[in-house]
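Worksheet: one structure, shown below.
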Amino acid sequence: MTQYLIRRLLIAIPSLLGISVILFTVLALAPGDPFEELATNPAIPPEVRQQLRASLGMDDPIHIRYFSWLAAMLRGEWGYSFVSRIPVDDLILQRLPTTIAVIGASQVLALCIALPVGVYSATRPYSIFDQIANTLAFIGFSLPTFFTGLLFILFFSIYLDWLPFVYNANINATGWKWWWEQIRQSIMPVAVLGLFQGAAWTRYVRSAVLDVIRLDHVTTARAKGLPESRITMRHVVRNAMIPVVTLVALQMPAVFGGAIVTEQIFRVPGIGSLLISAILANDTPVIMAVTFVLSALVIFFNLVADILYGWLDPRISYR
Amino acid sequence: MSAPRLLEIAGLKVHFKTDDGWVRAVDGVDIGVDAGETLCVVGESGCGKTVTAKTILKLIDMPPGRIVAGSITWQGRDLVPMTGAQMRAIRTKQIGFIFQEPMTSLNPVYTVGEQIAEAVRMHEGLSRRAAMDRAAEMLSLVHIPNAARRVHDYPHQFSGGMRQRVMIAMALSCNPKLIIADEPTTALDVTIQAQILDLMNEMKEKLGTAILLITHAMGVVAETAQRVVVMYAGKVVEEAPVGPLFATPRHPYTQGLIRSIPRLDLAATEHKRLEAIPGTVPSLLDPPPGCRFAARCRFAQAECRSAEPPLRELATGHKVACHFAESIAA
Amino acid sequence: MAGSIPASATASPAAASRPRVGPWKEAWRRFRKHRLAVVSAVVLAMLVLAVLIGPLVWRVPIDEIDFTARLAGPSWEHPLGTDDLGQDLLARMLYGGRISLAVGVTAMFVAVGLGVLIGSIAGMAGGKLDAALMWVTDLFLSLPQLPVLLLIIYLFRDSLKDVVGPEMGVFILIVTVIGLFNWMPVARLVRAQFFSLREKEFVEAARALGASRIRLVVRHILPNALGPVIVAATIDVAAAIIAESTLSFLGLGFPPDIPTWGRLLFDAKDNLDFAPHWALFPGLAIFLAVVTINFVGDGLRDALDPRRVQ
Amino acid sequence: MTEDDLRQMIGRVKRGTLSRRGFVRRMAALGLTAPMATQLLAITGAAPAAAQSVPEYRPTRAGGGGPLRILYWQASTLLNPHFAVGTTNQDASRVFYEPLAGWAADGTLYPILAAEIPSIENRGLREDGREVTWKLKRGVKWHDGQDFTADDVVFNWEYAKNPAVAGVSSGSYRDVNVVKVDDYTVRVEFQRPTPFWADAFVASRGMIIPKHLFKDYNGANARDAPANLRPVGTSAFRFASFAPGDTLRAERNPNYHMPNRPFFDTLEVKGGGDAVSAARAVLQTGDYDYAWNLQVEDEILKRLEAAGRGRVNIVEGGNIEFVQLNATDPNREVDGERAHISTQHPAFRDPTVREAMSLLIDRNALEQFIYGRGGPATANFLNNPPRFRSPNMRWEFNIQKANEILDRAGWARGRDGIRAKDGVRLRFVFQTSVNAPRQRTQAIYKQAAQRAGIDLELKSVTASVFFSADVANPDTYTKFYADMQMYTTTMTQADPQLFMNQYVSWEISARANNWQGRNIVRWRNEEYDRIFREAENELDPVKRAALFIRMNDLIVGSNHIIPLVRRPLVSASLNNIRPVLSAWDNTFWLLNSWYRET
């Protein structure tokens, strides 16, 4: 097992490097300029911008810039954002809690919807519940998130005026008041994302359970005189969880990447909106750092998914 | 019959709803099993033998299946109206079941010990440790080598034959009075088949468990059965002790079955082509009136096509459903 | 022990009670049973028809600016109302719909095509090639879509414009980029299918019969992998339509005067509370297209997947 | 209005027979802007502006006002005024740092760290306009308790002009010399007579940073100073916390150097999102007190205001949204450079075509249906300060006339309806940045042009790409690789000198200067160059105003520049909030005097 792990990690290193090279060249070639506003302000003499770009080494050839970035990266310095001169790791760490809180909560909500509904509707195929759940699931993941987001704001914030729609990262209340405010302002983004994700996963769980429910060993279990609920939980769901768990594990990097559109609409200062503003301003260090972490997570969770798969299904052996 | 029989199936009808209408898979079946007896139910695939067996423990999906009529009396109590909870108390506790496909009948993610212990703990409330010990006992009982260690192995670490032994161990784990075996050896190759059949007979001797064996292989019948029931197109056509059935089969279908067994002893000398029964099984959607074997029966008369032959007892324990059974020579 | 009874060796002519049903007829029969899929297929057909025939029937020009009829609600003159420049929304929806749907479908073919290709190569080859292809998949999974899009549009837009004209040029660009970022799930799916199907007996049997590798893939393995690929394809169409609208959300999509559904929704989002019709109709159109495609996909999967039991 | 009429009126102000406000109003009627008029008075010795140039501050004690919550749709990322690139970062720095003086809305100088406004009377200002002496307020403390002295002011000059620091405010400090007279007096010396002397240490480029925190970072490491993210200033609010790209929080400075100020206890400036949701958060749901720079269709703002919770503030400024017709040919490459200065635009070199283009844009529709109060139509490029606004320019929207002049000039309609002459087709690429009102303007322009046989291909480029200075990127506005383009150019100073250098020939943007030149339309005119040089040293305000008016007439008359609408500063605030706003300075130029009407 550990031998397998080491081998997988060794493979991960070149792929991470490969990704960073390709990413760096894409960014270097892409247009866009972190000093956009500098250009429009007539009062600023042009050589200031020249000087600034030179000081940040933005005019050197690509490979030199890449190796200097890589060297800094290996030393643990992730560099400074061109736009705000703030160390990139501070930027990311600062936005991490919000992203994990909001996007993480939405994934948990999605699971809390998908698992019970998926299993229940699969154990009663073509019942009324199943058809309603199935149709709602379809509707759920066919609605684009930014459309539902807009409708939520229109309905809950403007017409009913229940919920604030501007996300405030640091609320200055304490104790439960803080929690209440936090919940009130996160309900909508979490709901929008959670319902969308939940709908997609419900369908997946249902089909996974349906595949297992017809297998012979389930009839064997029934022949053993086990109660229906026990059969469903221990025998059906336990087997159906194998593909579902791997799917959820593969989805984890998206939690870090944040939902760019939802964060834009609800102004959640998460990693997603940081990435967007950095991309539009071609702020290379920030983009490289965020995407580097993202790709590391993608590879890491691929490994986690495989290990989970092996742990859950004894038939898989690790050579 | 003096003491009530262990199991008495009377007039059982089980129909399945499909897009094209109701399939009358089992259409009035009477089968009885006595304690400690091995009864074989034989017939071509699709004659309703497996449905009958599974209906005893209500292992068929309802819907689309439905018990239309008849009763299944087990030790004096009719199982048909029983609730789920009552049925569960009987499954494996009193009636064990062995499935046809050992490769897929065990849950791949639990060890064989856990799967056996699960039934034992359910029915006899043993602690985890005691149940696992019982499982190890059962595995050694069915001749699985160093059972104490292998009880912690997973199903995919066993061969097909071994897995069927595990299934047998599981079925016997709560010392049931009757074991229903639905074609237990069909999926196995011949050498393993014999071992499994011997094992089941050994279990019968040791534990006094009655066996209801479902098969389509006349060889298996000859090898293990004490009494035989022959089914055709959802009905019982002949019932007799094994000796008289092979010696003096009364129903033309049974005669056809017996004649179509390749005879090794005669093969060297007579070079006869194997006999086959012409025609195919009638559709169970709208079965023809009268005797269902009429279309394929050499002796069929007009009456056979109109009136349904009742199951008549020609000799003690030997019943036949054919108007002209007496006159048909062996 | 003794031989078992073969099912009657000679099938007599009377046996075949039901007419010989070809696989496609069977698939159509099962598809018909999935009521919602049929309804969706009809709605989808109407949508496509409306988008194709519509502009011929409803001849109002798409960019006729009429300040007197600004933000008017649905009326006889403007069945779907007007936007803030008084342009007729029905005409714009019909014209834009043609592009949105085309983007969705073409991007899906690009994504599925690439996915199936890479998936099957990885599935069949295995070993080093498989590892390399999976590395490429991981790479694309972690590449942020936007900078690549910015780069590709910036690099190729002018050259493409001279060749095929501005609108078609951007169309090809956007379809390629969306396709380039949606093939990975399909590739993974097809690869997994290949690994499981490769060991199946019928594949070995075909190999035993001397089938060449390509024939094996095309005739035997791919048709069986069809079910999940179709479902993935339908999801891809939906994702492509949504991606196109997200691109206009950031102003990177088609030129501003091409009213795709995404662009209409983006323009309308600020007036949601005062002129809801302007945002609702494109939003509904996107939703309707996506949900019907998904239902049809689900129906197709039930029809084409032999293992699927009623 | 002749020069001596002017002198006669100034005399009456001195003798007190004419009030200052009356003089400024007459000057405005004459076309003299308020800021220049007051400067005029200052030069000729009339009394400096009294305190009445800003609204009255009613609260009677400092603090107790609770939180002040402000919303920006563009988040601030940096708190050092000398690196503050955009208005967002300048405003964020202004929460903590203060200049010697700021520009009030009516153009008068308002003393903040200065004890008084220099003028001829208090000998702050020398007759020949070559020297200014600032007297500093005494007893002012930095937030960390250190004293504010002249050393800080002199240090700011050294820091700003230091090329290694590469500060954005270097333009205002490079060609001046600053001398410390004593601990509370500083003298600024100019090389040449400078009519617009209030540039160094004033308003957005004049914020003073503490010497004791920045003296070790006066060089290449300027950007790594910790104080860049944890400012210590002299303003009414002290630093609390700062999440770049998201929220800035500050708390009341208890020992602030002005009595009874500030009114509010805490300040929160939230960034991110878009303009419409910012407007909604103030006008509709009232979650925030003030929303900055609402570039939103007026139609939407009017409807949001209907909720009655807040109102829209319009503050006139110098920004202008205009269209440029490329003087050079963007489609021909001359030694690797498109839109090369040596080429001439095949179509736009014909003045009739340019005139037709100016006739085809319906400015009235833009004002009425797109920009509303946020964009009054204008025929001039230079609109503010009012005294520089030329009375001679007219605009007209007349498709029929455009068709006539084009026909007369021989531009015949081809089969496809597009006019052409000697192989040149009137088919233009019209580019701008991604922005809702601009996309609407493009649509309106395209339809009108179509009716006149001219085909416009619309192109919209992401803002960060369009306004980029990246040499390799073909889509930047300075490269102008298109026939027409449209954007807003900003005027940050109350003086047009820097604003009008966009059309002098030595500023033409080309590969040689990495496309840094500000003359993007590549328009050359000897007369324009000559009078621009003259205006740089012209002390006499009346003559200088006339020069700038002539420059405006020259460039607008050529129709290479088609001004569309003025772009005043638009913001929203709750009904009970009393902000102090000015177009010539940052939003928070007088944050200490904001209060809430209870």
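What size of dipole, in debye to the nearest 20, comes out for chain D about its Cα centre when the only charges are +1 on Lys and Arg C-beta atoms and -1 on Asp and Glu C-beta atoms?
It works out to roughly 1000 debye.
If exposed GluC sites (Glu not before Pro) are those in a DSSP loop with at most 14 other Cβ within 10 Å, what is the longest stretch of chain B that has none?
B:1-274
How far is helix A:88-99 tilted off the main Cα axis of chain A, in degrees rounded to 10, range 0 to 90?
Helix A:88-99 and the main axis of chain A meet at about 30 degrees.
Have a look at the DSSP beta bridges in the protein assembly as shown and tell me what percent are antiparallel, nearest 5.
70 percent
Which value in nm describes the separation of the simple spin-label points at C:W76 and B:A35, placed 7 Å from the Cα toward the beta carbon?
Going by the 7 Å Cα→Cβ label model, 9.2 nm.
Report relative contact order for the range C:153-234 in percent, whole number only (criteria: Cα-Cα under 8 Å, sequence separation at least 6).
25 percent
Which residues does a label at D:A412 reach in the range D:339-365, if reach means a backbone N under 20 Å from a point 7 Å past the Cα toward the Cβ?
Under 20 Å, as judged by backbone N against the label point of D:A412, lie D:347, D:350, D:352-353 of the range D:339-365.
Report the paramagnetic label zone for C:R32: residues of the range B:10-42 whose backbone N is under 14 Å from a point 7 Å from Cα along the Cα-to-Cβ axis.
Those under the cut-off are B:19-20.
Just checking the output field for A:266-277: average partner chain Cβ neighbours within 10 Å of each residue's Cβ?
Mean partner-chain Cβ count within 10 Å for A:266-277: 4.
Mind listing the long-range amide H neighbours of D:A84? Cut-off is under 5 Å, sequence gap 5 or more, other chains count too, H placed in the peptide plane at 1.01 Å from N.
D:V168
Work out how much length A:Q50 to A:A72 would gain on full extension: take 0.36 nm times their residue separation and subtract the Cα-Cα distance, in nm to one decimal.
Gain in length upon complete extension: 5.6 nm.
Give, as a single signed number, the net charge of other residues whose beta carbon lies under 12 Å from the beta carbon of D:L590, with Lys and Arg counted +1 and Asp and Glu -1.
Charge balance near D:L590 sits at +1.
Would you tell me the mean number of C-beta atoms belonging to other protein chains that fall within 10 Å of each C-beta in A:144-157, as a whole number?
5
Once you list every other residue whose beta carbon is under 11 Å from the beta carbon of D:L283, what net charge do they have if Lys and Arg are +1 and Asp and Glu are -1?
+3
How would you rank D:281-288, D:383-390, B:316-323, highest first, on the average number of other Cβ atoms within 10 Å across their residues?
D:383-390, D:281-288, B:316-323
Go through C:27-39, D:481-493, A:117-129 and give me the packing order, highest mean Cβ count within 10 Å leading.
Packing order, densest peptide first, comes out as D:481-493, A:117-129, C:27-39.
Just tell me which lysines come within less than 21 Å, Cα to Cα, of C:K33; anything on the same chain fewer than 8 places away is out.
B:K17, C:K25
Which aspartates and glutamates, if any, have their Cα less than 15 Å from the Cα of D:K137, not counting same-chain residues under 8 positions apart?
The qualifying aspartates and glutamates are D:E98, D:E116, D:D147, D:D151, D:D152, D:D182, D:D183.
Going Cα to Cα from B:K177, which lysines come in below 19 Å? Please leave out same-chain ones fewer than 8 positions away.
The reachable lysines, counting only those whose Cα sits under 19 Å from B:K177, are A:K224, B:K54, B:K58, B:K93, B:K204, B:K206.
So what is the relative contact order of chain B, in percent, for Cα pairs below 8 Å that sit 6 or more residues apart?
Once normalised by length, the contact order is 20 percent.
Taking every residue in B:103-113, how many Cβ atoms of other protein chains lie within 10 Å of its Cβ, on average?
Mean partner-chain Cβ count within 10 Å for B:103-113: 5.
When only C-alpha pairs under 8 Å and at least 6 residues apart count, what is the relative contact order of chain D, in percent?
18 percent
Rounded to the nearest 0.05, what FRET efficiency is calculated for A:R124 and B:V68 with R0 set to 22 Å and r the Cβ-Cβ distance?
Efficiency for this residue pair is about 0.40.
With charges set only on the Cβ (+1 for Lys and Arg, -1 for Asp and Glu), what does the dipole of the protein assembly as shown come to about its Cα centre, in debye to the nearest 20?
My answer is approximately 2440 debye.
Sorted by mean Cβ packing within 10 Å, highest first, what order do the peptides C:93-103, D:72-82, A:99-109 take?
D:72-82, C:93-103, A:99-109
Could you list the GluC sites (Glu not before Pro) in the range D:117-215 that lie in coil according to DSSP, counting only those with at most 12 other Cβ atoms within 10 Å of their Cβ?
Qualifying residues, ordered by number: D:E127.
What number, rounded to the nearest 500 deg cm²/dmol, is the helix-based mean residue ellipticity at 222 nm of the protein assembly as shown, given -39500 (n - 2.57) per DSSP H run of at least four residues and division by all its residues?
-14000 deg cm²/dmol
Among residues other than D:A243 whose Cβ falls under 14 Å from its Cβ, what is the net charge (Lys/Arg +1, Asp/Glu -1)?
With Lys, Arg at +1 and Asp, Glu at -1, the net is +2.
Taking each full run of DSSP H in chain D as one helix, which ones are at least 20 Å long along their axis (Cα atoms) and have mean Kyte-Doolittle hydropathy of at least -0.5?
Those that pass (Cα extent of 20 Å or more, hydropathy at least -0.5) are D:541-557.
None of the figures in this text is laboratory data; all of them are computed from the coordinates on show. Remember, predicted model here, so these are calculated numbers, not experimental data. Positions of Cβ are backbone-derived with ideal geometry, glycine not excepted, and every protein chain shown enters the neighbour counts.
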